[in-house]
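A short reminder: the numbers here are calculations on the coordinates, not readings from a lab. The structure displayed is predicted, hence computed values, not measured ones. Every residue, glycine as well, gets a Cβ built from its backbone with ideal geometry; the counts of neighbours run over all protein chains shown.
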Amino acid sequence: VFVPTDDELLQAQSDLWRHSLCYLTPMALRCAVDLGIPTAIHRLGGAASPSELVAALSLPASKLPFLARLLRQLATAGVFTSTDAGTYRLNPLSYLLVDGVRIDGDASQTAIVRAAASRYYVEAAMGLADWFRKDFDGPVPSPFEDVHGAAIFEESMALLDPEMDQLIHDAVAAHDHMGIGPVLRQCGELFEGLETLTDCGGGDGTTARSIVEAYPHIKCTVLDLPKLVLHFWSDEDCIKILAQCKKAIPPRDAGGKVIVIDIVLGSVSAGPMLETQHLMDMLMLVMTRGRQREEKDWSEIFTKAGFSGYKIVKKLGARAVIEVYP
């Protein structure tokens, strides 16, 4: 029988507290975004004290000690960087949350924070246990659909809450656009020899415009389907989507290929990046009928869609760039 030591029990208790209370970090982050703290720090020269932020944000003076505690937690979580002088500086993470700063052709990533920390996302996650207990007739809905009676990217969501529907689209667009800059800078070989390119799920065309600006000779077409096409869908639907893509491209010896930019679970070592990948898979479980995939899952999908092979070209943060060959 396993019996932990006293030290192990005390460590476990601390870990349990952290896991049980970690929801407060995204809520604190949402608070910082709603108050405009990253933007205020940026306008104050990149670093600011709690008292300077109280003044800049026109907050009641009585809230100064509480704001200091909020900033301390966010610095502990890595959102800001604290200094010995008692100020808080922007770092790469909080830089992404500054309004008005263009990042790879798109605005800040605040929509992602507002969506993920919204009541719709949180209530869907809180419904997980009830969802697991239910035996559904027909296709299994996502917990989000089960709780709210609506599906993201569908008309039902727009009818339920038009503002939230737009926020979800804005969040996914910000997520999508953020990756194209590093791809263009670090994976230029992807576009060598290409004359035409179709962006499936291209949304407002921002990604296609970025590609054309970098490679003016490429003729880009935007096919506007739901963003993040593949991990939004089931394996069966992904096979259908990729099979259609295969029909539309020339043979491999003529330069034909499909470029997939998505998460490959386990492609990064243990640590925060791996946890991020698994959290993104949980997000898909809660919000959609899709999922994130390991390399063996991608390989099976590519094969069943009729492709002859693939290559993981480069890892970009939690995501990877995959070339798939007909």
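Data for the structure
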item: With Cα atoms, 0 to 90° folded angle of helix 295-304 axis to the chain main axis; result: 30
item: Relative contact order computed over the chain (Cα-Cα under 8 Å; 6+ residues apart), in percent; result: 13
item: GluC sites (Glu not before Pro) restricted to the range 163-200 and DSSP loop, no more than 14 other C-beta within 10 Å; result: GLU192, GLU195
item: Amide proton proximity set for VAL264, modelled H, under 5 Å, gap of 5+; result: ALA320
item: THR5-TYR23 pseudo-label distance in nm [points 7 Å out on the Cα-to-Cβ vector]; result: 3.4
item: Candidate lysines for bridging to LYS296, where Cα separation is under 29 Å - those fewer than 8 sequence places away on the same chain excluded; result: LYS227, LYS240, LYS246, LYS247, LYS257, LYS304, LYS311, LYS314, LYS315
item: Likely footprinting exposure, SER49, SER108, SER269, SER94, fewest C-beta neighbours within 10 Å first; result: SER269, SER49, SER108, SER94
item: Antiparallel DSSP beta bridges within the chain, as percent of all bridges there, nearest 5; result: 75
item: Relative exposure of CYS31, CYS245, judged by other C-beta atoms within 10 Å (fewest first); result: CYS31, CYS245
item: Degrees, to the nearest 10: 6-21 long Cα axis against longest axis of the chain; result: 70
item: Pairs of Cα atoms farther than 37 Å apart, the chain, %; result: 26
item: Spherically averaged projected area of the range 6-101 from its Cα convex hull (nm²); result: 7.3
item: Helix-derived mean residue ellipticity, 222 nm - over the chain, DSSP H n ≥ 4, -39500 (n - 2.57), to 500; result: -15000 deg cm²/dmol
item: Sorted peptide list for 167-174, 54-61, criterion being average Cβ within 10 angstrom, highest first; result: 167-174, 54-61
